[in-house]
Each structure stands twice: as C-alpha cells, then as structure tokens.
Amino acid sequence: MTYLKYLIIPFVFMTWVQTKAQLPKPTPLQMEWQKMEQIAFVHFSINTFTDMEWGYGNESPELFNPTQLDCRQWVKICKDAGLKGVILTAKHHDGFCLWPSKYTGHSVKNSPWKNGKGDVVREFSEACKEYGLKMGLYLSPWDCNHPAYGKPEYNQYFKNQLTELLTNYGDLFEIWFDGANGGRGYYGTDSLHNRSIAADYYDWKGFVEIVRKLQPNCVVHGGGLPDIRWVGNEEGHAAETHWSSLRPNDQFDKDKSRPQQLNTGHEDGTRWLPSETDVSVRPGWYYHAFEDHKVKTLPELTDIYYESVGRNSLLLLNLSPDKRGLVHPIDSARLLEWKRQLDLDFSKNLIDKNCRFSSGEPKNLKSAFDNDFNSYWQASSTTGTLEIDFRKEITCNRLLLQEYIPEGQKVKNFAVDIWENGNWAELTKATTIGYKRILRFLPVKTQKLRIRIEGSLAPAMISTVAVYNAPVLLAQPEIRRDQSGKITILSPDKIGEIYYTTDGTQPTRSSARYSQPFVLDGPAIVKAVICNGPDNQGETTTQKFTGSKSEWKIVGETKPNPALFDGNPGSTWTSKKGVKSIEIDLGAATSFRGISYLPDQSRGNYGIALNYIVSVSPDGNTWEPVAKGEFSNIRNNPVGQTINFSKPVQFQFLKLESTLISDGHPSLGIAELNLITD
Ligand code: FUL
C-alpha cells in the first residue's frame, strides 16, 4: 500500500498538471467582455415600419420615418436597467443601412427622416458616450437588397461597410455578424428569388482581420466563431451544464445538433469561446403593436437572468423601439421592474464578518468569501470542500459561486449541504460553475452550509461564494383547456393559492379560489393569479379561448389526439413521416379569419414549418387556398405565429401544409393550433 502511494500520487499529479496546461483560458478581452454580464440589443430599422421580422430587400427607404427618434431614450433605459453596453442593428438582413453608407443608396440618406440628412448610428454612438455605456454594432452579412449578394464581389461591399462602421463612430466593444440566411430576397431585382451561398462564401477571415486592425478592443460574435459564441437558442437560456470551451468545428458530436452543443459547450473543448444569450423582451426582435401585451413578464425576465448570467453565460437582452423611434413604456417599465427585482434578490450577502470558514485546504480560504473576483481559494486536488458557519440560523434560497476563470474553467460537479439536526443533509447537486453560477432553491433554514466539489478538470479556483435570501417572486399561473373544454390552472412553482375569474375582471384574493379543473367550453376568457400570504400577489395570466374544439378531428387519424388538443404548449403532435400537412375536420361549418400556430416548444424544436399554405374546404375534398407565406426567423425563435386571412371564411375543413420544414425533418410538428375568430 505504502509503495502504491508513490505510484499513484505522481500519476494523479501528472494528470492534472497536464490537464491544467491544456485548459483553454480567456484572453484579457474575453475576460473584460464576460465581466459586463448583461448588455442590450436594439432592433430598429425598416422592419419596424413594415411590421416584419425579416424584410425582403425591396422595401422603399421612404418608409423609414420615425417621428420622435431619440437614441438617448433607449440608452438611458438600458443604463437604468443595469445593462452595461448596447448593440444596434446597423444593417439587418433587408440591407437597409441606419447610417448614410457611401456604398449604397439603400439607407437613411434616401429616407424622409431628417430629409435624408440623419444618421442613426451617429446619434446612437453619441448617446452611448453621454451615458457611459459601451457601444456595439450588428451588421448582417445576408443582404437581400444588394445586387451582388451571392457573388464574390459582395464580400468587398461588406468589408467597405464594416470599415465605415469601425472607423467613423468611435470605440466598439462588440461586432455582431449574424449567421442567419433564409436565401430569399429581391437582391436589387424586381422578383423575389433565392440566392444560395456555399458554406465558405463569406470571407470571415478577411472580415475579422478588419476588426482586429481597426478596433483591437472589440470582440467578434459569429463570423467563424472567433471570440464569443451564440448560446444555441433565442429563448434566453444556457444549459445547466455550461462550458465556456468548445472543440474545433470538425470535432462536434455527430449525434447532437449544433445548437444543442453551443448550448452546453464541450467539457473537453480546446478553445475558450464563452456564450452570449440573446433574447428579446418581446416575442419578436422588432416592434409590432400586436405584441404589446406579450412583453415578457417579470418572472420570465428574472428566469432569463438566472438561466443566462446565473449559468455562466452573458445576457444580451433586446429592446424594440417603435415607429416613433422610442422604446414603448410597457417595455421600459418592465425593464426597470426587473432591475429592482434583481437588486432586491442580491441586496444582502448573508456571508459577513461573523461567519467562520473551514476547508480541507485552509490556505487562502478567506479569498473565496471576500467579494473580490481577483483573489481566490484553490483546492488541493480535483475535489474539495468549503464550509461556512453563519453562527446563527439563517434563511437562504440563493447560492452564488464564481470560478477564477482567467486560469480556465474547471469544476465539473458539486453538491451543497445544509446543517440539519446536528448532521449534514444534501440540499442540491449541480454541475458546472464557470464565471458565475447562481443556484435557486426553496428557502431553507440552516446555521451552516457546505459546498462539496465532487469533480473538476484540475484543482478548482473559487473566487466568490455568496449566499442570499431573495424575496419570493410568484410565477404566473398557466391556464390550459383540453378538447373537452376542461380548464386546468397550474402554479409552476407549486407555491401559494390560485384565484381566478371568468368574466374578464382582474382576479384578487376575493375571487373564486381554484381547487380543481372545471369545464368552460366555447368562447371564454379566464384570468388567474397566484397569491402567497397576505401581501404577495403575482402577475395575472389572461387566456382567451375561441370556440369549442370538442368536435375537432384530425382527418385520417382514428385515435383522439391529446397532444394537439390538450391546450398544453409542452406537448406536440407530429404528422406521419413524409406528410408535411394536417387536415382538421372542425365538426361543422365554422367562421374564422385566421389561425394561430405554435411550433414544437421542446429543446429539439421538431418539425417547425418555415413556410405555410392554409386551405379551407366544405367537404374535405375540394380545397381553396386562403393564405400563403413564410414564418421569418421561426427556427431560431419558435414563438407562436399568427396567420391572418384577407377576409373571414366559413368552412368545415381546414388544412395547414408546409413545403419547407426546419432541419430537413420529415414531418410537421404542431404544439397548438387555434382559430382566430374575433
Ligand atoms: C437572428 C436574426 O435572423 C434575427 O432577425 C435577429 O436579428 C437575431 C438577433 O438573430 O439570427
């Protein structure tokens, strides 16, 4: 045994010395970027005026005419909301430029705004300077307006524009090259057509060289993934296990999608490529008045914070100024509420000078608790413990940890214990930490707390441990109706009591208290709220239901189909392989003026329709098409879509078909399908 020790110890030591040497580390620029933690996006352009998410490139610059454009208002809101930098869409996929580019007429210079003398990028850069926020720009490589798009010379056009933006507007902290490319566009012609490009079409290397030369302190998003990576979705969450490192492109796992791997990173990654979580405060990236009631709620935005910043990612939160050129008051109020909530959550670190700390490795122990990122405690092996004795009973529901990542990300998994009746009891287990990891749990009372690092790539370096007791933020209830008309109301966190109304009024503690499902078929409106204790009332959920679905049948299917008719966005119906459509027998001639389609909401996003044809029929045999089009950006942002017909129809049969399903999936997936009747 004694001899064995001499063999094992050098072996273990060698293994982690080796691993340590190989661990990827951030550059000082990546480190500075990561410490910003939360930044803003602003999507504002011609799409704001055409009510679109992806323009076609043939929109007239005449349409761009904000009446009260004020970039100072946007930037001030971002600053007040605690966001540290702002990225503006200087040019989106439609090719319209918010600055008077020398290289195209498709810009503000041919718009009525300020008689063509305006420059939004200039006003934006001045506002950023005034409020002390870092400035970033988004420049879309896909350009549906430019005649040369798809030909080699377009790369030069793009470089010219990039040079203009990087030269004339002061320092940039981030440049965003968007990878999206839907193919279709006008490209300076009279007809809508497709231009496909090869995988190596863009001169990413050349683009990045220009950035390095003109703005050496600017990180690059996209563009062959040089500095930072997309988090793999536009819903606002990094995976719980989240590595800031990634393998080279040709070593990605074959059995997992690329977005899934960007969402987790690779434990054995060899490049430091931290993730950025981009998500909009609204369902879309651009302003649409019809989404005013869909601005994310406070609990939703708070979840986004915990699932991005709290999972080792950086949050990029989008604002969508409206046609006036101002952020809508609903959005600005929500952002400020969000800031207030986060300030409350982290208002008091319960680790203070009265606490006592212990560990198997006592050296530099205090450095883990001194709130200084640059000082850290280091474990002596790939496991280790950190123990806090509060010396009085405390109540807590948040644990914040930070690894000293300038030396790489190491922790693979850890557990948290609390002190219960004179013994340690495991509270929770988790995986990675990285730059910042925040665990949320239901409030516990304890006098001691212990962090057990169970495995790491090399001895962990922990620079921050903090413990908080955040006020309980009540989630919004979920209201579902199944095919039989049965309504179920759920409290996602299973905290508090649910109160509801069915007459359109606001529910309060004096409204009906929900205890079990009830039937309410036909057109209906249900509002519900969660209350906890005498003073804590959450936000109201409002759910409108159109006519009854009790007689609906999927043509060709004999079994009832709960997934399509259960009112549960979390379950999805899929068509048979190779069939990219659905026919529904509504049971009787029904009048409606459109339909709504919710694609699969699972992380795999199965069978998303990229385009649609809706047809109606009196008998299921002769069909009349009533709407045809595409769902822009639905793959990255699979939110509910609305299809409005040019006039109301009255028919018994409805067909939704798609000729283009995302990711080459052989079937159409539908989480929910509803008629629009009002
Ligand atoms: C996507 C784009 O297609 C969206 O329109 C939006 O700009 C988002 C941030 O990136 O890829």
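Given R0 = 25 Å, the distance between the Cβ atoms of Lys628 and Ala148 translates into a calculated FRET efficiency of 0.25. Over every Cα atom in region 443-492, the radius of gyration and the widest Cα-Cα span, Dmax, amount to 20.6, 58 Å. Based on the Stokes-Einstein relation at 10 °C and a viscosity of 1.306 mPa s, and on the Kirkwood radius from alpha carbon pairs, region 133-243 is assigned a translational diffusion coefficient of 104 µm²/s. The simple spin-label model puts a point 7 Å past each Cα toward its Cβ; for Glu426 and Leu365 those points are separated by 2.4 nm.
Stokes-Einstein diffusion for region 478-545, with the hydrodynamic radius set to the Kirkwood value over Cα pairs and evaluated at 4 °C in a medium of 1.567 mPa s, equals 107 µm²/s. 3J(HN,Hα) couplings calculated from phi for region 564-580 with the Karplus curve 6.51 cos²θ - 1.76 cosθ + 1.60 (θ = phi - 60°) are, in sequence order, 7, 10, 8, x, 9, x, x, 10, 10, 8, 10, 6, 5, 3, x, 9, 10 Hz; Gly and Pro show x.
Taking 0.36 nm per residue of separation and subtracting the Cα-Cα distance, full extension of the segment from Thr642 to Asp535 would add 34.7 nm. Using R0 = 45 Å, the C-beta based FRET efficiency linking Arg258 and Ser591 works out to 0.55. Per residue, region 478-545 exposes an accessible area of 54 Å² to a 1.4 Å probe, with every protein chain left in place.
When peptides 219-232, 623-636 are ranked by their average number of other Cβ atoms within 10 Å per residue, the highest-first order is 219-232, 623-636.
One chain, two ends: Phe346 and Leu442. Fully extended at 0.36 nm per residue, the span grows by 33.0 nm beyond their Cα-Cα distance. Helix content alone sets the calculated 222 nm mean residue ellipticity of the chain: runs of n ≥ 4 DSSP H residues at -39500 (n - 2.57) each, divided across all residues, give -5500 deg cm²/dmol.
Rounded to the nearest 5, the antiparallel percentage of DSSP beta bridges internal to the chain is 75%.
Excluding same-chain neighbours fewer than eight residues apart, the lysines reachable from Lys109 by a Cα-Cα span under 29 Å are Lys76, Lys91, Lys117, Lys129, Lys134, Lys151, Lys159, Lys213, Lys323. Distance from the C-alpha centroid of region 217-274 to that of region 626-678: 31 Å, rounded to the whole angstrom.
Return the carbon/sulfur percentage of the accessible area of the chain, one whole number, probe 1.4 Å, all protein chains in place.
Carbon plus sulfur share of accessible area: 51 percent.
Using the Stokes-Einstein relation with a Kirkwood hydrodynamic radius computed over Cα pairs, the translational diffusion coefficient of region 277-435 at 37 °C and a viscosity of 0.692 mPa s comes to 176 µm²/s. What the phi angles of region 512-523 give under the Karplus curve with 6.51, -1.76 and 1.60, with θ = phi - 60°, is a coupling list of 4, 8, 7, 10, 8, x, 9, 9, 8, 8, x, x Hz, glycine and proline written as x. When each of the peptides 291-300, 42-51 is scored by how many other beta carbons lie within 10 Å of its residues on average, the order from highest to lowest is 42-51, 291-300. Modelled this way, with points 7 Å down the Cα-to-C-beta line, the labels at Leu336 and Ala289 are 2.4 nm from one another. Compactness ratio for region 553-676: Cα radius of gyration over 2.2 N^0.38 Å (N = residue count) comes to 0.98. Based on Cα atoms of region 395-439, Rg over Rh with Rh as the Kirkwood radius reads 1.06. When only the Cβ of Lys, Arg, Asp and Glu is charged (+1, +1, -1, -1), the dipole of region 478-545 relative to its Cα centre reaches about 140 debye. In this simple spin-label model, placing a label point 7 Å from the Cα along the Cα-to-Cβ direction at both Thr558 and Asp268 gives a separation of 5.0 nm. Farthest toward the positive end of the dipole of the chain, out of Leu326, Ala180, Asn469, is the Cα of Asn469, where the dipole comes from beta carbon charges about the Cα centre. Annotation: Cα Rg of region 14-160 relative to the compact-globule expectation 2.2 N^0.38 Å equals 1.30. Computed over region 179-334, relative contact order equals 20 percent, with contacts defined as Cα pairs under 8 Å that lie 6+ residues apart. Available extension along the chain between Thr508 and Ala415 is 29.5 nm, counting 0.36 nm per residue and deducting the alpha carbon span. Shape index of the chain: Rg/Rh, with Rg the Cα radius of gyration and Rh the Kirkwood radius from the inverse mean 1/r over Cα pairs, equals 0.99.
If you place +1 on the Cβ of every Lys and Arg and -1 on the Cβ of every Asp and Glu, how big does the dipole about the Cα centre of the chain come out, in debye to the nearest 20? Intermediate values should be presented prior to the final figure.
On the way: 76 positive and 78 negative charges, 243 e Å.
Roughly 1160 debye for the chain.
Heavy-atom accessible surface of region 553-676, averaged per residue, reaches 45 Å², computed with a 1.4 Å probe. Taking every DSSP beta bridge that has both residues in region 38-345, what percent is antiparallel when rounded to the nearest 5? Here the antiparallel bridges make up roughly 15 percent for region 38-345. The residues of region 268-340 have, on average, 28 Å² of accessible surface per residue, using a 1.4 Å probe with all protein chains present.
A simple rule links phi to the HN-Hα coupling: the Karplus curve 6.51 cos²θ - 1.76 cosθ + 1.60 with θ = phi - 60°, which for region 329-340 gives x, 5, 5, 5, 5, 5, 5, 6, 4, 4, 4, 4 Hz, with x for Gly and Pro. A Cα-only calculation for region 215-309 places Rg and Dmax at 15.3, 46 Å.
The values are calculated or read from the model by the stated rules, or taken from the named source; none is laboratory data. Computed from a predicted model, the values in this text were never measured in an experiment. As a convention, Cβ positions derive from the backbone with ideal geometry for all residues, glycine included, and neighbour counts pool all protein chains shown. Calculation scope for accessible area: heavy atoms of the full protein, side chains included, ligands and nucleic acids excluded. Shrake-Rupley method; radii C 1.70, N 1.55, O 1.52, S 1.80 Å.
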